[in-house]
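The values are calculated or read from the model by the stated rules, or taken from the named source; none is laboratory data. The model shown is predicted, which means the values in this text are computed figures rather than measured ones. FYI the Cβ positions are ideal-geometry reconstructions off the backbone, even for glycines, and counts take in every protein chain you see.
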């Protein structure tokens with residue numbers, strides 16, 4: 001990429017140095033055009049090679065193998081918190097991080113609390129406190 005950038009930049013430097021000169025105009029223009037196009041081609045090729053080098057063949061999309069792509073980008077995914085975490089954050093979903101198990105719906109919690117109260121396992125105070133807590137979280 002660097003060589004391509006310097007080659008492309010040389011077109012402008014040469015043009016500025018020969019401003020107003022018509023000596024060898026045809027050969028200078030063809031030389032400038034070749035350097036400009038060659039510089040752009042080298043910059044694009046450098047960017048592609050850098051992308052492959054950073055992400056690996058599968059991670060950059062050159063090889064269409066999801067398992068190999070995961071393996072190629074695994075160190076970066078682990079540093080950032082994981083591929084799944086990143087994907088979930090992009091969707092804007094809220095995840096309950098307090099435990100790994102699914103939280104039951106509030107109506108089911110209320111039914112279970114009522115059953116505990118009716119069976120005499122918890123007192124009326126405990127029932128009302130827990131019920132208020134469930135209702136406040138919804």
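As a summary of the residue check, residue 64 satisfies the conditions (1) at pLDDT 65 or above; (2) in a helix (DSSP H, G or I); (3) assigned by TED's automatic domain parsing to the domain that holds residue 47 except for the one numbered (2). Picking from residues in the range 1-25 that are free of Cβ contacts under 8 Å to residues at least 12 places away in the same chain and assigned to a loop (DSSP other than H, G, I, E, B), the one that is surrounded by the most Cβ atoms within 10 Å (Cβ to Cβ) is 18. Restricting attention to the range 110-138 and to residues that are touching a residue at least 12 places away in the same chain (Cβ under 8 Å) and within 38 Å of the chain's Cα centre (by Cα), the residue that is surrounded by the most Cβ atoms within 10 Å (Cβ to Cβ) turns out to be 134.
The condition (being at pLDDT 65 or above, exposed (fewer than 10 other Cβ atoms within 10 Å of the Cβ) and either under 30 Å from residue 66 (Cα atoms) or touching a strand residue (DSSP E or B) at 6+ places or on another chain (Cβ under 6 Å) (or both)) is satisfied by just one residue among 102, 85: 102.
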